[in-house]
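The values are calculated or read from the model by the stated rules, or taken from the named source; none is laboratory data. Keep in mind it's a predicted model, so treat the numbers as computed, not measured. Here the Cβ is made from the backbone with ideal geometry for all residues, glycine too, and neighbour counts use every protein chain on show. The area values use the complete protein model at the heavy-atom level, side chains included, leaving out ligands, DNA and RNA. Shrake-Rupley method; radii C 1.70, N 1.55, O 1.52, S 1.80 Å.
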2 protein chains.
Amino acid sequence: MALIVHKYGGTSMGSTERIRNVAKRVAKWVRAGHQLVVVPSAMSGETNRLLGLAKELSGTPSARELDMIAATGEQVSSGLLAIALQAEGLESVSYAGWQVPIKTDSSFTKARIESIDDVRVRADLAAGKVVVITGFQGVSPEGHITTLGRGGSDTSAVAVAAAMKADECLIYTDVDGVYTTDPRVVPEARRLNTVSFEEMLEMASLGSKVLQIRSVEFAGKYRVPLRVLSSFTPWDIDLDEEAKSGTLISFEEDENMEQAVVSGIAFNRDEAKITVVGVPDTPGIAYQIVGKVADANIDVDVIIQNVSHDGKTDFSFTVHRNDFQRTMDLLQKDVQPTLGAKEIVGDPKICKVSIVGIGMRSHAGIASTMFKTLSDEGINIQMITTSEIKTSVVIDEKYMELAVRALHKAFGLDEQKA
Amino acid sequence: MALIVHKYGGTSMGSTERIRNVAKRVAKWVRAGHQLVVVPSAMSGETNRLLGLAKELSGTPSARELDMIAATGEQVSSGLLAIALQAEGLESVSYAGWQVPIKTDSSFTKARIESIDDVRVRADLAAGKVVVITGFQGVSPEGHITTLGRGGSDTSAVAVAAAMKADECLIYTDVDGVYTTDPRVVPEARRLNTVSFEEMLEMASLGSKVLQIRSVEFAGKYRVPLRVLSSFTPWDIDLDEEAKSGTLISFEEDENMEQAVVSGIAFNRDEAKITVVGVPDTPGIAYQIVGKVADANIDVDVIIQNVSHDGKTDFSFTVHRNDFQRTMDLLQKDVQPTLGAKEIVGDPKICKVSIVGIGMRSHAGIASTMFKTLSDEGINIQMITTSEIKTSVVIDEKYMELAVRALHKAFGLDEQKA
């Protein structure tokens, strides 16, 4: 008997018919002898409907009241799932975040989970019940309802699994796992059976939006075995087959783990590059540039500062393409005169391509393989950054698909393993 | 400065446009210097939508989970109202039942309020906030969400007003007050400026469905001045005019109160009459008949047992017309043989007409005026029951309108007072 946490997204909960299928799938796991805690999202479209009502009333609705309203979506889907489970002949009870309680800080609409009390849930499990817990929400120290932000139900599920010391947390979603890269770009992309949580972190932050990044951080911190798998398989497929499907995000580098040096190719369109040319290479320059941009609530991604020549250096960074013009204006008006920079140049048509792999830690020459592959394809590299398990390059947007396909092949990811 | 509780029904909260109007009305009261607590129902249709989803999943959904689901309707409307109040420039906060907390027993879907903690609400009012509290719901001793049953938001509002010792509880609804009888039956019916809570109790239970009967009981028990008034007046009508509109349900028999002997004529269609003829007049007969019917979950209204002749008596009662055939079958199959009753006779086409008035306590001859009035119209009385402030007769359904109009006139209710 294992203690398993299931998480179902809004699409899986999108209608009573689909909720019934979720209940049948959960019942299959219970009948196989497992204890189940289920964390559902709101029915698809419901959160947007609720927030839309609030926005009709105010352009600047209070974050506390938005949470009060949005949290009801998961409360409804959780109650419905408990009823569907009862209709399957199981005992079941649903809890809102405050009832568990899932304690968070007081940051409305983007709260962070601080602790989870597992006494109530454990008692229910011991009594043979399936416990349904609302995703996406908790309760602040002052007793207000909080929500965790978009995709927060993944984090709820992982946090519950961590608190309960669950044997595995299964995230049922509309993709069937984590791929070496986006199959829409590289048809040969293959699903990874296992990926380390560090690799998953890098891939999540780079746009492989399978899981909310905070849920991966949480899983890594509390060493929760996390599996992403498809909610579109028939509910009555063999349980052993289902239990091994999808991708396991593991915190252990055990022998069974795939030992590919590079696990995947991530990429990010919609980036823009800006260079402040010829600034004096003195302390505080980076802050004077990036600080100004951050103050305008613009997220900066890659930041590169090169070695200086004649006391002058070039400072480059990337922002989302939507923020490009605003950032250029800001720099030309406020930063260039102050710093005495020679000029501000920008390019809104670039993209970022990264190779990610925990094996890069112990393998030399990975970056050079990447650069050679791009060079062989005639692709010019504009910027390079590296971390322990990731190497990213900024290139012209038009070469993105070509670069991803070439790298995917170069690092042996095309091969079909068993 | 007064402490006022406003309650708005589902129609008043039916769209963001209407919620905005509620906020403007509340703002008017706050700007006049009052402290406001507002109790809204769910947006119209929402409770039915939610319960409909549950019924799609199970023919016998768990009451606990139904409450979990249904309670979200008021949570959404409360959050939206707080946002609309903020958009009007007021400080406002909304609380779900468990946050106040409104403590109830554990009877899911028909819970009773046991106590309300006013500390949190009072602190917010002192800080200048408008407090919005979800109607219809509370929290059980075990920390489960409970609901109070249909129309429960009226009870929530009165209970909050009682706990806060509010100066008045205003129930905004889709009628503009309590009438001497249904204006659709008697065009001369007039709105009562004041009605005693005992009279209101009798009228509510007899079909003047302006207020949920439990809210009236609550108001009487805790002596909460309660006013029913229209939510369809423009929000910007003069506050003094609005404050005096509708009908005040008063617990004080003060001199200003209208001293009509009969305050109103209530009636109830859709009743059916059943008589068990010739049963032995021995102890336990009433229980053997009514007990059987109640066990089948059939509500019994009027019950009459006449004096016996030769050790035999006739036992009559009324039920809802929808339950008529089922009750007849039950009695003929189970009760008649056991009791040795002569026969079971029934009439599904009767109605009940009642005169209600606190003045009846101290005025003789009221019942005889009623009987004479009906006799003058050639209406045969089939059953009579009386209480301290009410006399009811059961008559042929086809005479109902005639009886109500004649009684309305006979007791001087047609006159237009100032």
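For the reader, a short list of remarks on this structure follows.
- The condition (being assigned to a helix (DSSP H, G or I) and closer than 28 Å to B:G89 by Cβ) is satisfied by just one residue among B:A159, B:A166, B:A123: B:A123.
- Subset of segment B:170-195 that is among the hydroxyl-bearing types (S, T, Y) and open to solvent by less than 20 Å² (accessible area, probe 1.4 Å) - its residue that is modelled with the highest pLDDT: B:Y172
- Qualifying residue in segment B:100-117 (condition: closer than 26 Å to A:S58 by Cα and touching a helix residue (DSSP H, G or I) at 6+ places or on another chain (Cβ under 8 Å)): yes
- Test: residue in segment A:356-370 that is surrounded by fewer than 20 Cβ atoms within 10 Å (Cβ to Cβ) and closer than 18 Å to A:K273 by Cβ: no
- Unmet requirement for A:H34, which otherwise passes all of (1) open to solvent by 20 Å² or more (accessible area, probe 1.4 Å); (2) at pLDDT 95 or above; (3) out of contact with any strand residue (DSSP E or B) (no Cβ under 7 Å at 6 or more places or on another chain): (3)
- Single residue of B:G143, B:G89 found to be at the interface with another protein chain (Cβ under 8 Å from one of its Cβ atoms), in contact (Cβ under 8 Å) with a residue 40 or more places away in the chain and part of a loop (DSSP other than H, G, I, E, B): B:G143
- Filter result for A:L51 (under 23 Å from the mean Cα position of the chain (by Cα), of a type in the set (A, V, I, L, M, F, W, C) and open to solvent by 10 Å² or more (accessible area, probe 1.4 Å)): yes
- Extreme residue, nearest to B:V5 (Cα to Cα), among residues of segment B:126-153 that are open to solvent by 10 Å² or more (accessible area, probe 1.4 Å) and not small (G, A, S): B:K129
- Counted residues, segment A:146-155 - those being part of a helix (DSSP H, G or I) and over 30 Å from B:V121 (Cβ atoms): 3
- Number of the condition not met by A:V100 [criteria: (1) within 13 Å of chain B (Cβ to nearest Cβ); (2) in contact with a Lys or Arg (Cβ under 6 Å, 6 or more places away or on another chain)]: (2)
- Of the candidates B:V39, B:V22, the single residue that is within 14 Å of chain A (Cβ to nearest Cβ) and either within 22 Å of A:L66 (Cβ to Cβ) or not in a helix (DSSP H, G or I) (or both) is B:V22.
- Considering A:E401, A:E388, A:E397, the condition of being closer than 27 Å to A:A189 by Cα, acidic (D, E) and at pLDDT below 85 is satisfied by A:E388 alone.
- The listed residue being surrounded by fewer than 18 Cβ atoms within 10 Å (Cβ to Cβ), within 9 Å of chain B (Cβ to nearest Cβ) and more than 23 Å from the chain's Cα centre (by Cα), out of A:E65, A:E17: A:E17
- Subset of segment A:341-373 (residues that are of a type in the set (G, A, S) and in a helix (DSSP H, G or I)): A:G359, A:S362, A:A367, A:S368
- Residue under evaluation B:T109, criteria (1) away from chain A (no Cβ under 14 Å); (2) surrounded by fewer than 24 Cβ atoms within 10 Å (Cβ to Cβ); (3) of a type in the set (S, T, Y), criterion not met: (1)
- All positions within segment B:279-295 that are over 21 Å from B:V394 (Cα atoms), open to solvent by less than 30 Å² (accessible area, probe 1.4 Å) and touching a residue at least 12 places away in the same chain (Cβ under 8 Å): B:V279, B:I285
- Taking segment A:79-104 as the range and being over 23 Å from the mean Cα position of the chain (by Cα) and of a type in the set (S, T, Y) as the test, the residues that pass are A:S92, A:S94, A:Y95.
- Selection count where residues are facing chain A (nearest Cβ under 7 Å) and either in a loop (DSSP other than H, G, I, E, B) or under 18 Å from A:G97 (Cα atoms) (or both), scope segment B:68-86: 6
- One residue alone among A:D236, A:D329 is in contact (Cβ under 8 Å) with a residue 60 or more places away in the chain and open to solvent by 40 Å² or more (accessible area, probe 1.4 Å), and that residue is A:D236.
- Residue in segment B:34-47 that is under 27 Å from the mean Cα position of the chain (by Cα), among the acidic types (D, E) and assigned by TED's automatic domain parsing to the domain that holds B:Y172 present: yes
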